[in-house]
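Below is one structure, written out as structure tokens; comments come after it.
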Amino acid sequence: MHHRFLEPTILAGISGLELVAKTVVDGFISGLHRSPDFGFSQEFAEYRQYVPGDDLRYVDWNVFARTERAYLKRYRGETNTFVTLLLDASKSMAFGSHAVPKMDYARYLAASLCYLASQQRDAVGLIVFDDEVRNYVRPSSRQGQMARLLHALEKAEPAARTDYAKPFLHFQQFHVRRGVALVISDFYADPETVVKTIEPLRMRGNEVVMFHVLDPEEIAPRFGEPVILIDLETGDELEVTPDYATHEYRKKIDSHVEALRTKAQSSGIDYYLVNTAQPLDAALREYFRIRQKRF
């Protein structure tokens, strides 16, 4: 049951990013409880199962209503981890072949990660960028931070071309404490350039994760006749035949993904490919694994 709440198309029907984030995280946490193959770390998540004698004031009734299982919210005080999301809002992020464009999926993922981190009492911040830094929310665990983050995510609209240099320079200037940097983008740039630009984030001991968000049609296009593809950032047009899409394009996108993955990993950066037709829990599990592994 919980899995349904992580489906992108279901989330598209929910109004308000806050509700999307809560729905995803509650569904995800309850899924972890049920999953026999995934160790549930109480150190990480602020939920544990109710046992008789527990104070009922701490039961999360929203989760109970959805799963008919009682979980207690746990508060451990500040964890002192700085979590910063860097969200690509360039024009190519507007693409979508199904109900949820890349930008919306990236928004859902960012909101869910913010919510998950803020539940941990982490100081969460956000940089929205294209070829400039469009919005910056300084990392904080103060009251009202979640509202500030959600507001910035709601306002993020695909605009200009991508330039990774400025947001990452911005990050380095303002972030002196080590933490986690989560980069959400379709990474339409030369893999070596992308990784070289992101690499300095590792220098101060930050854990860095690249969430590579692609539409299923970008990963494996399916069409029966020639189509005109338009580059959303440059306006360039290219006629593509089904044969080219099946063979040449597939080779190119596969080698692009592979180059990003191997270059990232050799720089100590975690890389994760996200398909916008798939539920969000796989990406959250990736973040979860990184937090369990490193903290």
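Could you check the range 85-103 and list, in sequence order, the residues that are within 16 Å of the chain's Cα centre (by Cα) and closer than 14 Å to N275 by Cβ?
Scanning the range 85-103 gives V100, P101, K102.
Filter the range 182-193 down to the residues that are aliphatic (A, V, I, L, M) and either touching a Lys or Arg at 6+ places or on another chain (Cβ under 8 Å) or at pLDDT 90 or above (or both) and list them by number. Before you say what the answer is, go through the steps one by one.
Quick first cut of the range 182-193, residues aliphatic (A, V, I, L, M) only: 182-184, 189.
L182, V183, I184, listed by residue number.
Collect the residues in the range 251-285 that are part of a helix (DSSP H, G or I), buried (at least 16 other Cβ atoms within 10 Å of the Cβ) and acidic (D, E), keeping them in residue-number order.
D281
Results for (1) at pLDDT 70 or above; (2) within 26 Å of V208 (Cα to Cα); (3) surrounded by 19 or more Cβ atoms within 10 Å (Cβ to Cβ), shown as yes or no for each residue.
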{"position": "D55", "(1), (2), (3)": "no, no, no"}
{"position": "E68", "(1), (2), (3)": "yes, no, no"}
{"position": "T79", "(1), (2), (3)": "no, yes, no"}
{"position": "K91", "(1), (2), (3)": "yes, yes, yes"}
{"position": "Y115", "(1), (2), (3)": "yes, yes, yes"}
{"position": "R121", "(1), (2), (3)": "yes, yes, no"}
{"position": "D131", "(1), (2), (3)": "yes, yes, no"}
{"position": "N135", "(1), (2), (3)": "yes, yes, no"}
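The values are calculated or read from the model by the stated rules, or taken from the named source; none is laboratory data. Because the structure is predicted, anything quoted here is derived from the model rather than measured. Quick reminder, even Gly has a Cβ in these numbers, built from the backbone with ideal geometry, and neighbours come from all protein chains shown.
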